[in-house]
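Asker: Pasting a structure below so you can have a look.
Each reported figure results from applying straightforward, stated rules to the coordinates on display, with no laboratory input. Predicted model, so just to flag it, every value in this text is computed and none were measured. Note: ideal-geometry Cβ built from the backbone for every residue, glycine included; neighbour counts use all protein chains shown.
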Amino acid sequence: MSTTRIRHKFSVAEYDEMVEHGILSEEDRVELIRGEIVEKKTIGKQHAGCVNQLTQLLVLRLQGVAIISIQNPIALRDSVPEPDVAVVKPRSDFYAGSRPTAADILLLIEVADSTLEFDRTDKLQLYAESGIPEYWIVNLIDRQIEVYRQPLSPAERYGEFRLYLPGETLCAPGVPNVVFDVKDLLPGRA
């Protein structure tokens with residue numbers, strides 16, 4: 001006799017209630033992905049340093065053009081991921097009244113070392129399906145930037161993919177007239 005496991009999928013509203021009532025807290029280091037509460041990996045020194053570096057660079061370059069949201073939740077249909085960086089459209093309340101949705105997002109960035117496979121599969125599919133126009137993976141392992149553009153929903157993939165290496169430059173169409181040197185997006189070696 002075999003038993004079938006039944007998984008309960010949580011809605012965004014149920015997830016929010018768990019946070020509101022203290023069932024989940026910041027110490028839990030979780031996010032809601034496709035209705036499942038998923039544990040987030042611990043952030044290492046190189047990952048943290050890279051997020052700090054990206055934050056400084058993006059705030060300086062995009063001041064007055066966009067809001068830079070660091071490791072904060074965004075609202076998607078059945079998910080509340082917390083990307084390392086979300087570049088979102090300006091809003092007078094700075095999203096205090098509600099989380100950014102896919103329509104608010106200009107660019108998402110995930111910094112990846114131990115999470116590289118998850119960021120390339122689950123997160124990529126979720127972001128493409130949600131219509132996120134541009135998704136970058138700062139790949140710390142291979143020291144390159146993976147750029148995904150033109151989401152193909154419901155195919156859960158992007159129509160355009162390109163690798164950028166140190167020595168090259170890249171820009172995000174959602175934030176025109178801003179060019180980044182790839183080497184400035186990758187942390188220096190200690």
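Asker: Has segment 143-159 got any residue that is touching a helix residue (DSSP H, G or I) at 6+ places or on another chain (Cβ under 6 Å), crowded, with 18+ Cβ neighbours inside 10 Å and β-branched (Val, Ile, Thr)?
Answerer: yes
Asker: Then there is this: Collect the residues in segment 172-190 that are surrounded by fewer than 12 Cβ atoms within 10 Å (Cβ to Cβ) and either assigned to a strand (DSSP E or B) or more than 18 Å from the chain's Cα centre (by Cα) (or both), keeping them in residue-number order. Show your work before the answer.
Answerer: To start, the set of residues in segment 172-190 that are surrounded by fewer than 12 Cβ atoms within 10 Å (Cβ to Cβ) comprises 173, 176-177, 179, 188-190.
Correct list: PRO176, ASN177, VAL179, GLY188, ARG189, ALA190.
Asker: Let me ask something else. Of everything in segment 1-12 that's surrounded by fewer than 16 Cβ atoms within 10 Å (Cβ to Cβ) and either within 26 Å of the chain's Cα centre (by Cα) or not hydroxyl-bearing (Ser, Thr, Tyr) (or both), which residue is nearest to GLU82 (Cα to Cα)? Talk me through it step by step, then tell me what you get.
Answerer: If we filter segment 1-12 for residues that are surrounded by fewer than 16 Cβ atoms within 10 Å (Cβ to Cβ), which is where we start, we get 1-9, 11.
Going one step further and asking which of them are either within 26 Å of the chain's Cα centre (by Cα) or not hydroxyl-bearing (Ser, Thr, Tyr) (or both), we end up with 1, 5-9, 11.
On the way: MET1: 41, ARG5: 28, ILE6: 26, ARG7: 22, HIS8: 21, LYS9: 18, SER11: 16 Å.
Out of the qualifying residues, it is SER11.
Asker: Right, something else. Anything in segment 149-171 that is within 20 Å of LYS123 (Cα to Cα), out of contact with any Leu (no Cβ under 8 Å at 6 or more places or on another chain) and in a loop (DSSP other than H, G, I, E, B)? List them, or say none.
Answerer: Selection gives SER153, PRO154, ALA155.
Asker: For ILE68, are the conditions met, namely being surrounded by 23 or more Cβ atoms within 10 Å (Cβ to Cβ) and under 23 Å from PHE180 (Cα atoms)?
Answerer: Numbers: surrounded by 23 or more Cβ atoms within 10 Å (Cβ to Cβ): no; under 23 Å from PHE180 (Cα atoms): yes.
So ILE68 does not fit the description; no.
Asker: Name every residue in segment 97-147 that is part of a helix (DSSP H, G or I) and aliphatic (A, V, I, L, M), in order of residue number. Steps first, please.
Answerer: Narrowing segment 97-147 to residues part of a helix (DSSP H, G or I): 102-104, 116-130.
Once the filter is applied, which keeps residues that are part of a helix (DSSP H, G or I) and aliphatic (A, V, I, L, M), segment 97-147 yields ALA102, ALA103, LEU116, LEU124, LEU126, ALA128.
Asker: Continuing with the same structure: Filter segment 64-115 for residues that are over 23 Å from VAL19 (Cα atoms), hydrophobic (A, V, I, L, M, F, W, C) and over 12 Å from the mean Cα position of the chain (by Cα) and give the result.
Answerer: Result: VAL65, ALA66, ILE67, ALA103.
Asker: Is there a residue being part of a helix (DSSP H, G or I), hydrophobic (A, V, I, L, M, F, W, C) and under 19 Å from GLU26 (Cβ atoms) anywhere in segment 54-61? Talk me through it step by step, then tell me what you get.
Answerer: Kept after step one, since they are part of a helix (DSSP H, G or I), are these residues of segment 54-61: 54-61.
Next, only the ones that are hydrophobic (A, V, I, L, M, F, W, C) stay: 54, 57-60.
If we keep only those that are under 19 Å from GLU26 (Cβ atoms) as well, we get none.
So far as segment 54-61 goes, no, none of its residues is part of a helix (DSSP H, G or I), hydrophobic (A, V, I, L, M, F, W, C) and under 19 Å from GLU26 (Cβ atoms).
Asker: Name the residue that is surrounded by the fewest Cβ atoms within 10 Å (Cβ to Cβ), counting only residues in segment 13-49 that are in a strand (DSSP E or B) and hydrophobic (A, V, I, L, M, F, W, C). Let's see the steps before the verdict.
Answerer: Filtering segment 13-49 for residues in a strand (DSSP E or B) gives 30-33, 36-39.
Next cut, hydrophobic (A, V, I, L, M, F, W, C) only: 30, 32-33, 37-38.
Numbers: VAL30: 19, LEU32: 26, ILE33: 18, ILE37: 17, VAL38: 14.
Among residues in segment 13-49 that are in a strand (DSSP E or B) and hydrophobic (A, V, I, L, M, F, W, C), the one surrounded by the fewest Cβ atoms within 10 Å (Cβ to Cβ) is VAL38.
Asker: Give the residues of segment 120-148 that are of a type outside the set (S, T, N, Q) and either touching a residue at least 60 places away in the same chain (Cβ under 8 Å) or farther than 21 Å from LEU58 by Cα (or both), sorted by residue number. So that I can check it myself, show each step before the final result.
Answerer: In the first step, residues of segment 120-148 are kept if they are of a type outside the set (S, T, N, Q); the result is 120, 122-124, 126-129, 131-138, 140-143, 145-148.
Within segment 120-148, ARG120, ASP122, LYS123, LEU124, LEU126, ALA128, GLU129, GLY131, VAL138, LEU140, ILE141, ASP142 meet the criteria.
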